[in-house]
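J.: This is the structure I want to talk about, given as structure tokens.
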Amino acid sequence: MKTVILALAALLICSTITPSSATAGPATDALITCMSDNTTGKDRKDMARWIFVGMSVHPEIKSFSNVTETNRDQLDRAMAAIVTRLMTENCQVQAKLAMEKEGGEAPLKTAFGTMGQLAMQELLANPAVNSAFERFAKFLDRDKLLSAFSDK
């Protein structure tokens, strides 16, 4: 059981940031649909916060964050509750079938990668977030870009 929990934690960390490029089979697609259908906007925002907090410990980013251990614990608990609910209640049948039919941990990695993407989409739906991501454009060298992509 401890090995399964550790593997699931590793999969969550990696797959929420970097979704698998493998093509999902029908059982994995069913798992993704089940997980998507059984998470709320709040769940996805909690996932996005958890991703942010995880990334905030990187030495190159840490100075931009004031995340406390209490914040980390709260988000770890929220994420654990979401994963536990999805894997043991809402989507247990789909998860077991996908793992049996399509290769061990790969379906979980793919499904949680998709959930990570949905979590980020939840945040990107906010106009202020979109504006923040567009700000860099004012510093682009437009002439250089036009030149690089023009048909000369």
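Just so you know, all these numbers are worked out from the coordinates, no wet-lab data involved. Nothing here was measured: the structure is a model prediction, and the numbers come from that model. Reconstructed Cβ throughout: ideal geometry from the backbone, glycine too, with neighbour counts over all protein chains shown.
J.: Expected output is a single nm value to one decimal: the length gained when fully extending between Ala81 and Lys96, i.e. 0.36 nm times separation in residues minus the C-alpha distance. What is it?
T.: 3.5 nm
J.: Still on this structure: Quick one: order Leu31, Leu145 by neighbouring beta-carbon count within 10 Å, fewest to most.
T.: So the residues, fewest neighbours to most, are Leu145, Leu31.
J.: Another question, then. Pop the C-beta distance of Ala128 and Phe52 into the FRET formula with R0 = 22 Å and round what comes out to the nearest 0.05.
T.: 0.90
J.: Now for a different question. Let a ≥ b ≥ c be the square roots of the eigenvalues of the Cα gyration tensor of region 15-152; is it rounded (a/c under 1.5), or, if not, prolate (a/b larger than b/c) or oblate?
T.: oblate
J.: Between Ile61 and Gln74, how many nm apart are label points set 7 Å from Cα along the C-beta direction?
T.: Between Ile61 and Gln74, the label points sit 1.9 nm apart.
J.: With the crude spin-label approximation of a point 7 Å out along Cα→Cβ, what separation in nm comes out for Asp141 versus Lys42?
T.: About 5.0 nm separates the two model spin labels.
J.: Given the pairs Lys62/Lys101; Lys42/Lys96; Lys42/Lys109; Lys45/Lys138, which span a C-alpha to C-alpha distance of over 32 angstrom in this model?
T.: With Cα atoms farther than 32 Å apart: Lys62/Lys101.
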